[in-house]
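These notes are about the structure you will find just below.
The values are calculated or read from the model by the stated rules, or taken from the named source; none is laboratory data. Predicted, not measured: the structure shown is a model, and the values here were computed from it. Neighbour counts run over all protein chains shown; Cβ positions are idealised from the backbone, glycine included.
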Amino acid sequence: MAAGVLSHGGLLKWWLALPVCVAGVLSGDLVLYWTGWHWGEQVLNWRVVRWVLTPQREVWLKDAYCRHAVKTIVTVRHVMGLRAAAFLTAGIARVPWWKFMLADASAAVVGVPFSFGLAYFFTDQIGAILADVHRVERWLLLLGLLVLGGLVTGGVVRWTRRVSKALHGPGPREDAATPESTGYW
């Protein structure tokens, strides 16, 4: 995204920035794949890896790679939060290197230029987009304050009732005799 904005501003040549972005994305993916391939199951003992790759996710990804390796790579390429875990698992599952790179490069050649193009062509609208974001932030802040006010009011009412019961004892019971129920009035 930043390369697209800088290219639009004339600080970078787009025809140079775009291939560098694609190469950077692919090299990051390859490092994750290689880490899984090189260290295998041992990498699962690392705390930072377990934070991203839970045992359930690991089983699910290994099963997906056994059934549909290429489809899985292309799909997870576009899912933020799952990509790192998935590419690490691709190495652990021993997906062939050529298959991994072919599928990943095919997906990246579509996704990276799309993101780059969005940033390049919509740079002029960033001011309007940020203004809209700030407007939404203000409404969300107002909504949050109203919810907080409601929670505080509800808490105060409950606290007041509890203190009142503690000071004055429980209120009149419904089965207690009253002048009306005894007929003495």
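Observations
- Residue within segment 112-123 that is farther than 15 Å from CYS21 by Cβ and in contact (Cβ under 8 Å) with a residue 40 or more places away in the chain present: yes
- Being in contact (Cβ under 8 Å) with a residue 24 or more places away in the chain, in contact with a His (Cβ under 9 Å, 6 or more places away or on another chain) and either in the same structural domain as SER27 (by TED's automatic domain parsing) or assigned to a helix (DSSP H, G or I) (or both) holds for only one residue in ALA103, ALA107, and it is ALA107.
- Filter result (at pLDDT below 90 and of a type in the set (Gly, Ala, Ser)) within segment 62-83: GLY81
- All conditions but one from (1) in a helix (DSSP H, G or I); (2) at pLDDT below 95; (3) farther than 16 Å from VAL109 by Cα apply to GLY10; the one that does not is (1).
- Qualifying residue in segment 33-56 (condition: surrounded by 13 or more Cβ atoms within 10 Å (Cβ to Cβ), touching a helix residue (DSSP H, G or I) at 6+ places or on another chain (Cβ under 8 Å) and outside any helix (DSSP H, G or I)): yes
- ALA17 falls short of the stated requirement of being touching a Cys at 6+ places or on another chain (Cβ under 7 Å) and under 28 Å from ILE126 (Cβ atoms).
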